[in-house]
Amino acid sequence: MNNIQVYAIADNIISPLGSTSETHYEMLLNGQSAIKRHLPIPSFADPFYAAMFDDSQLTQLWQMCGKKGDFTDFEKLAILSIEHAVNQNCIKVNSKDTLFILATTKGNIAYLAPELTGKIVPDRLHLWRSAQIICDFFDNPNPPVVISNACISGVVALIMGQRLLRAGRYKQIVVCGADQVSPFVLSGFHALKALSSEPCQPYDEMHCGLNLGEGTATVILSTKKPGENAIELLQGATSNDANHISGPSRTGEGLYQALKRAMKGIDSRQLAFINTHGTGTVFNDNMEAVALMRASLQQTPVSSLKGYFGHTLGAAGVIESVILMHALRRQLLPATYGFHILGTPNPITIFSENHAVTGCYALKCASGFGGCNATLGFLIHS
């Protein structure tokens, strides 16, 4: 069972920057960020910086695809991304051999806002219900799986998909991560004093908080090798440092443990780069720097994508893994947007410009509230 190899055979990203993975990767190389200043919205009285869709952007995407049905914007995002990915590989989404996994932290929670009360049937607020609606759209016969484990949800969903394929349970798995910016989410991070009053600056000496973002991404996994430049998903690991409900361990213990387990079988000399969580908050950035030092990875190139997409919560791990795969194929790492001068007490190798890398391996890391951590390895077959 453990010898079964799992590959990413198709992928997609939809965010305020665009609707294809290739477009996103090129825009990142060109230094284009989706983060903008937004005026106050209902139930949130302060201006804020975030990466959000324009009012007409999602509507136009939905109309262009010609789909019909009574779906929320959250459900439309997931459906559109899944369809884009499916069209690349033409898998049988309605087969019992295909499983859907949805990674999200909040789903339709925007409908808790007073001005939207009664706009949807109450059970649509439940994540399982949204996942089933999305699954039913594609006529898939299997009950979908929902992963909602704070900000590591997307990485955990990919790890679970890989493990189910290795166990021979399915032939292909559709992993989709999606989340939206809402007054509920904004208010929560504002109460924690985690939001930055300016565009975020991961790992920079001026880092002082995060920006939220919204978007969706899909990765289709299979045991069938797709051809040249195939990306294989390697060992994945999760951990919990049990430190605090929202604050990470100052010693980086949880992430260190996840890194150590995910690195098994990987030659660190062939590790091209690590895509970290990199939110731009002092606690997160400093913790990751400590964990990387403890894992002897401080010389390995590191990147954060939060300066482009904002923090997309449950979607982040999938969105950022897609960019990781494109960067691994091209051996070119997009700059960490917003970074200028290192501001972590422990040194890490990070770049303010696009950087050529060498190596066939890459790691994706994520950390979240409650002390949860996840790391997943990737290998390119040239």
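The values are calculated or read from the model by the stated rules, or taken from the named source; none is laboratory data. Note that the structure is a prediction, hence the values are computed from the model and not measured. Don't worry about glycine lacking a Cβ; one is built from the backbone with ideal geometry, like all the others, and counts go over all protein chains shown.
Of all residues being more than 29 Å from ASP11 (Cβ to Cβ) and touching a residue at least 40 places away in the same chain (Cβ under 8 Å) in segment 222-250, which is surrounded by the most Cβ atoms within 10 Å (Cβ to Cβ)? Just the residue, please. Don't jump to the end; show me each part of the working.
Step one: of segment 222-250, the residues more than 29 Å from ASP11 (Cβ to Cβ) are 241-247, 249-250.
Of the ones still in play, those that are also touching a residue at least 40 places away in the same chain (Cβ under 8 Å) are 241-246, 249-250.
Numbers: ASP241: 24, ALA242: 11, ASN243: 16, HIS244: 13, ILE245: 8, SER246: 15, SER249: 21, ARG250: 13.
Among them, the one singled out is ASP241.
Would you confirm, using the coordinates I've provided, whether ILE173 is closer than 21 Å to SER21 by Cβ, not small (Gly, Ala, Ser) and not assigned by TED's automatic domain parsing to the domain that holds TYR308?
Here the answer is yes, as ILE173 does meet what is asked.
Number of residues in segment 333-356 that are over 19 Å from LEU297 (Cβ atoms), touching a helix residue (DSSP H, G or I) at 6+ places or on another chain (Cβ under 9 Å) and among the hydroxyl-bearing types (Ser, Thr, Tyr): the value is 1.
Of all residues in segment 48-74, which are assigned to a helix (DSSP H, G or I) and buried (at least 22 other Cβ atoms within 10 Å of the Cβ)?
The initial filter retains those residues of segment 48-74 that are assigned to a helix (DSSP H, G or I), namely 57-65, 73-74.
The one that is assigned to a helix (DSSP H, G or I) and buried (at least 22 other Cβ atoms within 10 Å of the Cβ): PHE74.
Would a scan of segment 264-275 turn up a residue that is surrounded by fewer than 21 Cβ atoms within 10 Å (Cβ to Cβ) and among the polar types (S, T, N, Q)? For segment 264-275, residues surrounded by fewer than 21 Cβ atoms within 10 Å (Cβ to Cβ) and among the polar types (S, T, N, Q): present. Selection over segment 84-105 of residues that are surrounded by fewer than 23 Cβ atoms within 10 Å (Cβ to Cβ) and either hydroxyl-bearing (Ser, Thr, Tyr) or touching a Lys or Arg at 6+ places or on another chain (Cβ under 8 Å) (or both) gives a count of 3. Taking segment 334-374 as the range and being under 18 Å from ALA272 (Cβ atoms) and within 17 Å of the chain's Cα centre (by Cα) as the test, the residues that pass are PRO334, THR336, ALA362, LEU363, LYS364, CYS365.
Can you name every residue in segment 103-139 that is under 26 Å from PHE369 (Cα atoms) and of a type in the set (Lys, Arg)? Answer for segment 103-139, where residues must be under 26 Å from PHE369 (Cα atoms) and of a type in the set (Lys, Arg): LYS106, ARG124, ARG129.
When SER187, SER196, SER153 are checked against the criterion of being in contact with a Cys (Cβ under 6 Å, 6 or more places away or on another chain) and either among the hydroxyl-bearing types (Ser, Thr, Tyr) or over 27 Å from CYS90 (Cβ atoms) (or both), a single residue qualifies: SER196. The helices (runs of 4 or more DSSP H) found entirely in segment 88-204 that carry 1 or more residues being closer than 24 Å to ASP55 by Cα are 127-137, 183-191. Taken residue by residue, segment 288-296 has no member that is at pLDDT below 95, over 14 Å from CYS372 (Cβ atoms) and of a type in the set (Lys, Arg). For segment 333-367, filtered to residues that are among the hydroxyl-bearing types (Ser, Thr, Tyr) and assigned to a loop (DSSP other than H, G, I, E, B), the residue that is surrounded by the fewest Cβ atoms within 10 Å (Cβ to Cβ) is THR358.
For segment 165-174, does any single residue satisfy the condition of being more than 30 Å from GLY254 (Cα to Cα), among the β-branched types (Val, Ile, Thr) and in contact (Cβ under 8 Å) with a residue 60 or more places away in the chain? Walk me through it before giving the result.
Within segment 165-174, the first condition is being more than 30 Å from GLY254 (Cα to Cα), and the residues that meet it are 170-172.
Filter once more, keeping what is among the β-branched types (Val, Ile, Thr): none.
No, that holds for no residue.
With the structure loaded, tell me whether GLY343 is modelled with pLDDT of 95 or more, in contact with a Gly (Cβ under 6 Å, 6 or more places away or on another chain) and not charged (D, E, K, R) or whether it fails that test. Break it down into steps so the answer makes sense when it comes.
Values: modelled with pLDDT of 95 or more: yes; in contact with a Gly (Cβ under 6 Å, 6 or more places away or on another chain): no; not charged (D, E, K, R): yes.
Here the answer is no, as GLY343 does not meet what is asked.
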